[in-house]
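Only one structure is covered here, and it is reproduced in the block below.
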Amino acid sequence: MRGLVASLAALLLGCYDVHPPVDGGFPPSVDAALPPSCSPGEACDCRATDRVPAGTHLVGVADFAPEAPQHTVILTRDAWLGRYEAPAACYARCIEEAACVEPLVRPPLGAEHFNTPAGYYRDPSAALLPIVALDRDMARTYCAWLGGRLPTNAEWDKAARGDAGRYYPWTDQQTMSLRGECSFAHLPGDSGEVYCPGALGYVVRVDSFPGGAGPYGHLNMFGNAAEWVADDYVPYGATTLTDPLDVDPGGPQVLRFEGPERRPMGSDDFALGPRRPEDQWSVRCAFDEEPRPLLLGATP
């Protein structure tokens with residue numbers, strides 16, 4: 001019996017030598033198809049972030065009516081915003097720990113290209129797809145579980161567009177090919193046309209398209225899944241704002257998606273929660289200080 005116990009102990013210690021947990025990192029798990037090891041900052045690090053520096057930046061677009069007028073915002077403190085959209089496997093861990101509830105996505109009906117059917121986040125091949133079908137409360141709960149919070153609209157905007165209010169995260173050129181830079185993907189069996197996966201219910205891995213990273217390193221801030229922020233939808237004004245957070249109880253909430261675009265989501269849109277696979281509503285969390293890594297373990 002002692003020999004058996006010693007053998008088991010040695011085996012367990014060996015596993016942790018190869019896959020050491022970092023700040024409560026997870027041991028190897030059968031529910032996440034991840035690389036043999038995970039390094040801080042990779043997509044399998046649930047707290048991978050890039051710093052969004054304090055300072056002045058432009059928000060809005062002068063010639064785009066819903067997002068006009070362009071105005072100045074001052075952030076008085078740094079924020080650390082998720083480098084990636086929340087990976088499905090990280091959200092699955094939150095469910096395992098009874099901190100998060102199941103996403104509300106349902107199986108697709110007659111759609112050939114959807115890759116987020118009910119329970120997809122338990123599929124090993126989907127570990128690094130973004131978690132979708134979250135309402136804002138679910139997104140807020142997930143960020144709190146990580147030790148963070150929802151980003152403000154101003155923080156998200158600066159991470160995506162930099163100081164000068166770029167039109168796309170990687171450039172200020174408004175007319176250009178998006179192939180290879182933004183989160184557009186070829187769907188299985190398509191004819192080569194470029195699609196926006198978030199618009200069709202087809203999403204790609206959160207670490208896809210590094211060529212489309214924003215000015216501070218954040219990926220997939222154009223296309224792929226839409227992302228909740230803490231603000232409610234209030235029309236922009238022309239005055240300079242400091243650390244803004246728009247609050248309108250009972251009014252539309254804000255999803256961020258394509259560059260400067262805010263999407264107002266009213267009560268009719270999500271009173272029952274996301275209802276269809278095309279409800280690609282996700283999140284990338286924010287932190288007031290640089291967080292310690294939280295690594296997912298690899299499949300044995």
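How high is the FRET efficiency from D172 to E96, r the C-beta distance, R0 41 Å, rounded to 0.05?
Using R0 = 41 Å, I get an efficiency of 0.45.
Mind giving me the nanometre distance, one decimal, between the label points for A144 and R122, set 7 Å out from Cα along Cα→Cβ?
It is 2.6 nm.
Expressed as a whole number of Å, what is the distance separating the alpha-carbon centroids of region 218-244 and region 72-95?
With region 72-95 and region 218-244 each reduced to a Cα centre, they are spaced 13 Å.
With all protein chains present, calculate the accessible area of R83 using a 1.4 Å probe and round the result to the nearest 10 Å².
60
Please calculate the 1.4 Å probe accessible area of T242, with all protein chains present, and give it to the nearest 10 Å².
80
Along the Cα-to-C-beta direction of T56, a point sits 7 Å from the Cα; which residues of region 238-258 have their amide N less than 16 Å from that point?
238-244
Can you pull the accessible area of V247 for me, 1.4 Å probe, Å² to the nearest 10?
100
Can you work out the FRET efficiency for the pair S37 and T239, with r the C-beta to C-beta distance and R0 = 35 Å, to the nearest 0.05?
It comes out at approximately 0.10.
The values are calculated or read from the model by the stated rules, or taken from the named source; none is laboratory data. No experiment lies behind these values; they were computed from the predicted model shown. Don't worry about glycine lacking a Cβ; one is built from the backbone with ideal geometry, like all the others, and counts go over all protein chains shown. Remember, those area values only see protein heavy atoms, side chains included, never the ligands or the DNA or RNA. Shrake-Rupley method; radii C 1.70, N 1.55, O 1.52, S 1.80 Å.
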